[in-house]
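Step one of this worksheet: look at the structure below.
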Amino acid sequence: MEHNTTRYVQYMYSYPHKTAYRPLSGVHLQDYAHPLKGKGHSLYLHIPFCETKCGYCNLFSVTGQGEGEIEAYLKSVGRQGSQYQDILAPLGTEFSVFTIGGGTPLLLTERQLDQMFSMVRNYHSFCRRPEIILETAPNQTTREKLKVLKEAGVTRVSMGVQSFSDQELALLGRRHSAAAARASLKRLMSFDFPTVNVDFIYGIPGQTVSSLITSLQEALSYEPGEIFLYPLYVKHGARMEKMLAEGMVLDEWAALRQYQEAAGFLQAKGYRQDSMRRFVQTRKGAGEAEPTEGSRVGAADNSRHFQDCGFHTSLALGCGGRSYLGTLHFCTPYAITQSGCLEQIREYEATEDFTEIRHGILLSEEELRRRYVIRHLLIRPGLPLTAYQSQFGTKPQEDYPVIQDWISRGYVVDQDSFLSLSHEGMALSDYLGPQLISPWIRGRMEEWERMHQSPQMRGKSIL
Ligand code: SF4
């Protein structure tokens, strides 16, 4: 890639992005629920409450809400679940993954957590041993709440530590201290959940390779199953946007060096790299962390959820979570500011008929094919050529010539009937992935940005 081109364009967490969604009319859940027939689906619950708003955050969450407001929200989630269940029961829908994200789900009291688990189990059917995933933050990870999670059968806890440097945490606007993160992580590990993953951020102004490695070294002393490395993005609506406007500089090349060193460090410690962000502890020793045929199929280990995260057939409960049902993707309108999110939550709570879908997108066959390519190519084991050909009747390189270009540049390798990102390609995921966005979706995203971005941030959505 050219030296002056940014590599931090966009995290392709899912496709298409929420900013491509628009108001819908005449769309009813019952007409689109058939992908949820039978077993093996995902259920997502969004808890849009946080203690304070982190400086870089543009996720759907609000602060300053007390027990009463959270109670009212959970009541609406119950009504939504009950209305959805009337549609799902005849389809025999059984969920095998239940994810509770946010926001900060552990802002709920122990009683509310209990109530939330029973309500969801009451309205929805699960397989015998579902994967139950929950995101948490250090300040909320108390012993009492972890006990509730253990009893509810939670299988994966994801903790946003971000750094073990107080200075870096302060710059990020995180509420917790490094000492609180240490104590929480120790507490969390003592509960012996099947998987714990810990998130870190790099590219923080003032951060160095050495401070990042020191944080990771400390994290590894707790032996978490997975580590996620996120580049610092400051997008529209985040508090740090103001700091950028006032002259704070995000150094992309410093971030890249940190990432390369950190990725090498984790691999040397026996963590297999499965995507630009995800590093999975292998049972093998250091230096043997390359994916094997077993990890390729990914069926028996805990990688399945994250391979599909944002791409699986999934139904969302709550305000701000997205549902993916074949050609229909939907969600409440995208909001970032406190007032915008609060307005959406109030509207959500006032909704009488949750089965009428009022905001989202209907995807063509062509968009579904792009989604398939993005879903597979950016994550190990990669894009399965035989499966692609039998589903679409063509080769991905013919449909998307840019892939051929990536092969010739060494970003993508054709290996054992998979197209996989090379080491270099993986580091470029946030640059390569966005090139697969269709002109139609790109046009919608740009239209949203024109309508919502501040003049200082226009064209400056980066790192
Ligand atoms: S980054 Fe997470 S914890 Fe921080 S404000 Fe956003 S949702 Fe809340």
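Which of rounded, prolate, oblate describes segment 383-454, given a ≥ b ≥ c as roots of the alpha-carbon gyration tensor eigenvalues and a/c under 1.5 marking rounded, otherwise prolate only if a/b is larger than b/c?
Oblate shape, in that a/c is at least 1.5 and b/c is the bigger or equal ratio.
Going down the table (K235/K395; K53/K186; K186/K269), which pairs top 28 Å between alpha carbons?
Working: K235/K395 35 Å; K53/K186 25 Å; K186/K269 20 Å.
Exceeds cut-off: K235/K395.
In whole Hz, with x marking every Gly and Pro, tabulate ³J(HN,Hα) for segment 134-151 from phi via Karplus 6.51 cos²θ - 1.76 cosθ + 1.60, θ = phi - 60°.
These are the phi-based 3J(HN,Hα) values: 9, 9, 9, 10, x, 5, 9, 8, 8, 4, 5, 6, 4, 4, 4, 5, 4, 5 Hz.
For Y230, which sequence-distant residues (separation of 5 or more, or a different chain) have an amide H within less than 5 Å of its own amide H, given hydrogens modelled in the peptide plane?
F200, I201, Y202
Quick one: 3J(HN,Hα) in Hz for segment 406-415, Karplus 6.51/-1.76/1.60 with θ = phi - 60°, rounded, Gly and Pro as x.
Values, residue by residue: 5, 5, 5, 8, x, 7, 10, 10, 9, 9 Hz.
Quote the charge dipole size of the chain about the Cα centre in Debye, to the nearest 20; the model charges only the Cβ of Lys and Arg (+1) and of Asp and Glu (-1).
Charge dipole, the chain, about its Cα centre: 440 debye, nearest 20.
Under 5 Å between amide hydrogens, which residues at least 5 positions from L328 or on another chain qualify, with H placed 1.01 Å from N in the peptide plane?
L363
Could you tell me the largest-minus-smallest coordinate of the C-alpha atoms of segment 159-253 on each of the three principal axes, in descending order and whole angstroms?
44, 25, 21
Given N residues in the chain, what is Rg(Cα) / (2.2 N^0.38 Å)?
Normalised Cα radius of gyration, the chain: 0.94.
For Cα pairs less than 8 Å apart in space and 6+ apart in sequence, what is the mean separation divided by the residue count of segment 18-362, i.e. the relative contact order in percent?
For segment 18-362, the relative contact order is 25 percent.
Going by C-beta contacts inside 10 Å, put H236, H423, H124 in order with the fewest on the left.
Ordered from fewest to most neighbouring Cβ atoms within 10 Å, H236, H423, H124 come out as H423, H236, H124.
Which cross-chain or sequence-distant (5 or more) residues have an amide H under 5 Å from the amide H of I47, H modelled 1.01 Å from N in plane?
Amide H neighbours of I47, under 5 Å, 5+ apart: G101, G102.
Exposure proxy check: W448, W406 ranked by fewest other beta carbons within 10 Å?
Ranked by crowding around the Cβ, least crowded first: W448, W406.
Does segment 3-79 come out rounded, prolate or oblate, given a ≥ b ≥ c as the square roots of the eigenvalues of its C-alpha gyration tensor, rounded meaning a/c under 1.5 and, failing that, prolate meaning a/b above b/c?
oblate
Under the rule that an exposed site lies in a DSSP loop and has at most 11 other Cβ atoms within 10 Å, name the longest stretch of the chain with no GluC sites (Glu not before Pro) of that kind, not counting the sites themselves. Each step should come with its number before you reach the end.
Numbers: sites that count: E2, E246, E352.
With GluC sites (Glu not before Pro) excluded where exposed in loops, the chain gives 3-245 as its longest stretch.
Whole-Hz ³J(HN,Hα) for each residue in segment 83-91, computed from phi via Karplus 6.51 cos²θ - 1.76 cosθ + 1.60 with θ = phi - 60°, x for glycine and proline: what do you get?
Residue by residue, segment 83-91 yields 5, 5, 4, 4, 8, 7, 4, x, 8 Hz.
Calculated from DSSP H runs of 4 or more alone, at -39500 (n - 2.57) each and per residue, what is the 222 nm mean residue ellipticity of the chain, nearest 500?
Values: 19 runs with 184 residues, N = 463.
The helix-only estimate for the chain comes to -11500 deg cm²/dmol at 222 nm.
Can you return the aspartates and glutamates within cross-link range of K147? Criterion is Cα-Cα under 13 Å, with same-chain partners fewer than 8 residues away left out.
Partners found: E110, D114, D192.
Here, each number is a calculation from the coordinates, and none is a lab measurement. Because the structure is a prediction, the values reported are computed rather than measured. Neighbour counts are summed over all protein chains in view; Cβ atoms, including those assigned to glycine, are modelled from backbone coordinates with ideal geometry.
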